[in-house]
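Worksheet for the structure shown next.
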Amino acid sequence: MKTLIVYFSRTGENSVNGEIEIITKGFTEVVAEKIAKKTGGDLFKLEPEIPYPANYEECVKRSRIEDQYNEKVPYLHPLASLDEYDVIYLGFPCWWRTYPRVVASFIRDHAWVGKTVYPFATNEEGALGLAEMELRGALRGAIIKKGFACKGSEVNNIDDKLDNWIGK
């Protein structure tokens, strides 16, 4: 059984405990790397062709428009298929109570039948919002397991919670 950790993460200005701070490594990336270390899975970072602005307010504006119009956001280095993977961890910052449109584009580009998917998200609410429900409609044919969410500001202190979620 081969495992893949697919994630989208963003650096630059970010909301941390209600304040805007500059982060040099995205919160979701930190979680993805921890999952890869714990599972031995391969990492795949989703990178939009046009990077999101480092400025928090500009990023919020762009992501809101993408969400409102359900835009397809092209990304770099697409995978040919997911055929060699049985288990996929799918990670993202929760924007507008769901996953960013670049993640939606990745989902649309792949077949999910028979895949076991574990969604995970970061945001300052520490919740998945509507993402789990929406993933059930988008990941047709996949077995979707209970997701994991944490506050971005807490990603460095989640190892025990991750172990419980992963089942180790």
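Here, each number is a calculation from the coordinates, and none is a lab measurement. From a predicted model like this one, the values you see are computed outputs, not experimental measurements. Backbone-built Cβ (ideal geometry, glycine too); neighbour counts: all protein chains shown.
Note on SER15 and ASP163: the extension gain reaches 50.7 nm, defined as 0.36 nm multiplied by sequence separation minus the Cα-Cα distance.
Between VAL117 and ILE88, ILE143, ILE144, LYS145, the built amide H atoms are under 5 Å apart, and every one of these is 5 or more places off in sequence or on another chain. Restricting the GluC sites (Glu not before Pro) of segment 60-128 to loop positions (DSSP other than H, G, I, E, B) with no more than 16 neighbouring Cβ atoms within 10 Å leaves GLU71, GLU84, GLU125. The alpha-carbon of LYS37 sits under 21 angstrom from the alpha-carbons of these lysines, leaving out residues fewer than 8 places away in its chain: LYS2, LYS25, LYS45, LYS115, LYS145, LYS146, LYS151, LYS161, LYS168. Considering only beta bridges that DSSP places wholly inside the chain, some 25 percent are antiparallel. Between ASP109 and ASP42, the contour length at 0.36 nm per residue exceeds the Cα-Cα span by 22.2 nm. Footprinting exposure proxy ranking of THR39, THR11, fewest other C-beta atoms within 10 angstrom first, gives THR11, THR39.
Determine, for GLU19, GLU47, GLU13, the number of other Cβ atoms within 10 Å of each Cβ, and report the residues in order from fewest to most.
Neighbour counts put them in this order, fewest first: GLU19, GLU47, GLU13.
Computed from backbone phi with θ = phi - 60° and the Karplus coefficients 6.51, -1.76 and 1.60, the 3J(HN,Hα) list for segment 51-58 is x, 5, x, 5, 5, 4, 5, 5 Hz; x is used for glycine and proline. Computed from backbone phi with θ = phi - 60° and the Karplus coefficients 6.51, -1.76 and 1.60, the 3J(HN,Hα) list for segment 121-132 is 9, 10, 5, 7, 8, x, 9, 8, x, 8, 4, 4 Hz; x is used for glycine and proline.
Within a straight-line Cα-Cα reach of under 15 Å, LYS61 can be paired with the following aspartates and glutamates, leaving aside sequence neighbours fewer than 8 residues apart in one chain: GLU13, GLU71. Compute log10 of I(q)/I(0) for segment 1-92 with the Debye formula, placing one identical point scatterer on every Cα and leaving out solvent, at q = 0.12 Å⁻¹, to two decimals. Calculated log10 I(q)/I(0) at the listed q: -0.45.
Looking at the P(r) of segment 9-168, how many percent of alpha-carbon pairs lie beyond 21 Å?
Result for the distance tail: 43 percent.
Just flag the chymotrypsin sites (Phe, Trp or Tyr not before Pro) in segment 23-88 sitting in loop per DSSP whose Cβ has no more than 12 other Cβ atoms within 10 Å. Numbers along the way, then the final one.
Details: sites: PHE27, PHE44, TYR56, TYR69, TYR75, TYR85; in loops: TYR69, TYR85.
Answer in residue order: TYR69.
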